[in-house]
1. Given the conditions (1) within 16 Å of I12 (Cα to Cα); (2) of a type outside the set (A, V, I, L, M, F, W, C); (3) in contact with a Gly (Cβ under 6 Å, 6 or more places away or on another chain), and given that G52 satisfies all but one, which numbered condition is not satisfied?
2. May I ask you to say which residue of R4, R27 is modelled with pLDDT of 95 or more and among the basic types (K, R)?
3. For residues in the range 48-59 being surrounded by 19 or more Cβ atoms within 10 Å (Cβ to Cβ) and hydroxyl-bearing (S, T, Y), which is modelled with the highest pLDDT?
4. Has the range 27-40 got at least one residue that is in contact (Cβ under 8 Å) with a residue 60 or more places away in the chain and either touching a Gly at 6+ places or on another chain (Cβ under 9 Å) or of a type in the set (A, V, I, L, M, F, W, C) (or both)?
5. Restricted to the range 13-47, and to residues that are surrounded by fewer than 16 Cβ atoms within 10 Å (Cβ to Cβ) and among the β-branched types (V, I, T), which residue is farthest from the chain's Cα centre (by Cα)?
6. Being touching a residue at least 60 places away in the same chain (Cβ under 8 Å) and crowded, with 20+ Cβ neighbours inside 10 Å, is that true of even one residue in the range 87-95?
Amino acid sequence: MNKRILFISGVILGALSWAICPLVSDRFEPFDTGRGYFIGQFVMLIFVSYVGWFSNIKKVILSVAGLYVGQNVYAYIFGTSEAKAWAVLLLFTSIFLCLLPLAGGLVARGVNVYLGLGKK
């Protein structure tokens, strides 16, 4: 997988994890809506787990970095003035939205290596 495409895919899916929230609830942030939060986490988890299964740990981290950037850029661009006022805090709190996808990618990578299915 090309690193640039991987990062851009992460940015798009990170933004999507926020964009889905107003579609399934009356809230903008994943932190405020259960359904939007779980859908966003699921989408990001599947993506990073796929990357972990078929690539290496560096690409897992790169894909999670793309998710992080996408979440923060989307929230700043499309958020209300209140969301923009909290943008600096979001830089820290959105890290928690990346933990499950990161764990999934690392576990997928570990299982692939343990089973000996990875590239030798």
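The values are calculated or read from the model by the stated rules, or taken from the named source; none is laboratory data. Keep in mind the model is a prediction, meaning the values are calculated, not measured. Backbone-built Cβ (ideal geometry, glycine too); neighbour counts: all protein chains shown.
1. Unmet condition: (1).
2. After ruling out the rest, the residue left standing is R4.
3. Going through the qualifying residues, I end up with S49.
4. yes
5. V24
6. No: the range 87-95 contains no residue that is touching a residue at least 60 places away in the same chain (Cβ under 8 Å) and crowded, with 20+ Cβ neighbours inside 10 Å.
Each row is one residue, and each column tells you yes or no for (1) under 17 Å from L13 (Cβ atoms); (2) in contact with a Phe, Trp or Tyr (Cβ under 9 Å, 6 or more places away or on another chain); (3) not charged (D, E, K, R).
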| position | (1), (2), (3) |
| --- | --- |
| I61 | yes, no, yes |
| A75 | yes, yes, yes |
| E82 | no, no, no |
| A85 | no, no, yes |
| L90 | no, yes, yes |
| T93 | no, yes, yes |
| L106 | no, no, yes |
| V113 | no, no, yes |
